[in-house]
Amino acid sequence: MSFQPVLPLGGLAGWGFLKRTMERQQAVQQAAPVQKRDEAYFREKIGKIDTAEQLVSDKRLLRIALTAFGLEADVNSKAFVQKILEGGTLKEGSLANKLADKQYQKFSAAFGFGDFSVPRTKISTFPDEILNQFRARSFEAAVGTQNNTYRLALNAERELPILAARPISDTAKWYTLLGNAPMREVVQTALGLPKSFASIDLDQQVSVLQARAEAAFGSSAISQFTDPAKMDGLIRRFMFRAEVQELGAGSSPASIALTLLRR
């Protein structure tokens with residue numbers, strides 16, 4: 001049986017419970033037989049992989065590798081994944097560099113098939129590097145089967161501070177965020193913007209997001225989310241607005257407010 005997290009509550013109360021118990025729940029997941037077998041298989045096989053073609057030909061290895069980057073939905077797209085890996089990231093025109101979702105870029109760079117004569121699969125620390133990410137992502141995926149809002153929040157807690165700390169311009173950070181669908185959804189929702197917001201001009205999206213961030217947090221810079229207090233504030237806004245959206249289908253503002261007050 002696959003791991004199932006314990007999520008007895010919804011909304012902010014459920015989020016608080018998840019955060020308090022997450023370390024224990026992650027330990028339970030890592031001790032699960034399915035998880036242990038996957039990790040043992042990856043450790044045994046990955047060092048023998050020399051090419052992207054070999055990786056995509058082993059569906060179990062590929063699933064673990066893709067899950068580590070949140071790309072598990074592509075497990076049956078072997079030709080697409082192979083092209084991303086073989087193109088690498090050092091060439092400006094490679095597929096991984098062209099795609100808006102920069103998780104593909106991270107995935108290709110991590111394995112190094114298209115960038116180096118000897119791939120990174122041969123490095124002794126490589127299995128731990130990928131499996132650490134696999135554990136985090138697979139836990140989030142398990143949470144997402146019960147509450148996708150929590151999965152998005154966990155992803156944002158991990159990824160947004162990393163983006164915020166990158167040594168690139170703040171404008172470049174905003175464009176990078178817009179290319180990451182899960183992070184975009186969290187920030188966009190937290191700042192009170194509808195899903196249709198994604199259809200407007202990209203430059204205008206950045207301007208609107210910067211103005212909304214300034215109004216909500218006192219700064220338009222993504223770099224502010226290296227501050228845990230600011231990050232917590234963003235997640236709380238996201239949780240509240242996501243719950244309002246969920247309750248809002250067919251409900252009046254008054255009934256939504258009453259429901260939230262009763263919780």
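Per-structure values
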| item | result |
| --- | --- |
| Per DSSP, loop chymotrypsin sites (Phe, Trp or Tyr not before Pro) in the stretch 79-164 with at most 12 further Cβ within 10 Å | 116 |
| Positive minus negative residues near residue 38 (Lys, Arg vs Asp, Glu; Cβ under 15 Å) | +4 |
| Counted charge near residue 6, where neighbours are those whose Cβ lies closer than 12 Å (Asp, Glu -1; Lys, Arg +1) | +2 |
| 10 Å binning of all Cα-Cα separations within the stretch 11-134, expressed as whole percents from 0 upward | 13, 41, 28, 15, 4, 0 |
| Pairs from 102/173; 48/91; 59/98 whose Cα-Cα separation, in the structure shown, is over 18 Å | 48/91; 59/98 |
| Between helix 78-87 and the chain: long-axis angle, C-alpha atoms, 0 to 90°, nearest 10 | 80 degrees |
| Rounded to the nearest 20 debye, dipole of the stretch 11-134 from Cβ charges on Lys, Arg, Asp, Glu | 260 debye |
| Top positive-direction residue, dipole computed over the chain with Cβ charges, set 177, 99, 8 | 8 |
| Length released on extending from residue 232 to residue 124, taking residue separation times 0.36 nm less the Cα-Cα span | 35.3 nm |
| Taking only Cα atoms of the chain, radius of gyration then Dmax in Å | 19.9, 63 |
| Separation of the residue 22 and residue 181 label points, Cα + 7 Å toward Cβ, nm | 2.3 nm |
| 0 to 90° range, to nearest 10: angle between helix 33-45 axis and the chain longest Cα axis | 40 degrees |
| Cα→Cβ-extended label distance, 7 Å offset, between residue 43 and residue 109, nm | 2.8 nm |
| Cross-link reach list, aspartates and glutamates versus residue 36, counting only Cα pairs under 15 Å and skipping chain neighbours closer than eight places | 44, 128 |
| Mean residue ellipticity (222 nm) of the chain, computed from DSSP H runs ≥ 4 via -39,500 (n - 2.57), nearest 500 | -20500 deg cm²/dmol |
| Principal semi-axes in Å for the stretch 45-104 [√(5λ), Cα gyration tensor, largest first] | 19, 13, 9 |
| Fluctuation leader among 124, 207, 94 - the chain, Gaussian network, Cα springs under 10 angstrom | 124 |
| Summed side-chain charge close to residue 219 - residues other than residue 219 whose Cβ falls under 11 Å, Lys, Arg +1, Asp, Glu -1 | -2 |
| The chain: angle of helix 228-248 to the longest principal axis, Cα-based, in degrees nearest 10 | 70 degrees |
| Least to most buried among 239, 22, 183 (fewest other Cβ within 10 Å first) | 22, 183, 239 |
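Bear in mind that the values in this text are calculations on the coordinates, not laboratory data. What you are looking at is a predicted structure, and each value in this text was computed from that prediction instead of being measured. Please note: Cβ atoms are built from the backbone with ideal geometry, for glycine as well, and neighbour counts cover all protein chains shown.
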